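Please treat every number below as a calculation from the coordinates, not as lab data. Values in this document were obtained by computation on a predicted structure and should not be read as measured data. Counting neighbours? That spans all protein chains shown, and the Cβs are built from the backbone with ideal geometry, glycine included.
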Amino acid sequence: KSELKLRTLMAGENKAVVVEFGGINEQNVEQLRKINSACFPVQYNDNFYKEITAQKNDDLSKFAYVNGYVVGAICTRVEQASVDEKRDRIYIMTLGVLAAYRGLGIGSKLVKSVLDYYTDCNSPVVSQDGDADNVQNSSDSTVLKPISGKNFVADVDEIMLHVQISNEDAQNFYIKKFNFTKGEMVENYYKRIDPPHCYILFKKLR
């Protein structure tokens, strides 16, 4: 777990809220079910949870803890963005924080942690003599840092998600805090909630 201290107001008092990040695995995935059930109007099937635990990547999907309790989670994946060119994207599947802990910057920290992961993976490793070391050169001479022998986000150039058209809070969160762009509306994206339409929100990363 990585520890972050958020200086913020909680319950009307000036407190430091300590937030820890932790991975999602087979042993604690039921906590993710509870977070999703409390935060979202849709029910995710077993395949969703199997996909998250199969990632085995604590940087793409993770819990947020406060005082040892799970209070939120973000789940993302790297997927192909274009079939015609070698281009990937980070897709935000879910981002949820329990109602009692909203407004404390926890959701922002979760999103930022994923963006930081992308930045770190694509930053040069500089040796003490000032030369890039242990790096992989792409065709455009960009220096990339491998992750466990493979850079999973080497071809990622954007991050995106779908947001229900009526969820203005979520739209404002991504657009105002992280400079996402509101793209096209997708009709009938959701099957069991009303309205069923959504917007595509995206942010170019390079």
Task: Prolate/oblate/rounded label for segment 21-106 (Cα gyration tensor, a/c 1.5) - done: prolate
Task: Cross-link table Lys56/Lys182; Lys50/Lys176; Lys176/Lys204; Lys109/Lys182; Lys112/Lys182, entries beyond 24 Å C-alpha to C-alpha - done: Lys56/Lys182; Lys50/Lys176
TODO: Between Ser166 and Ile200, with labels modelled 7 Å along Cα→Cβ, what's the label distance in nm to one decimal, could you check?
DONE: 2.4 nm
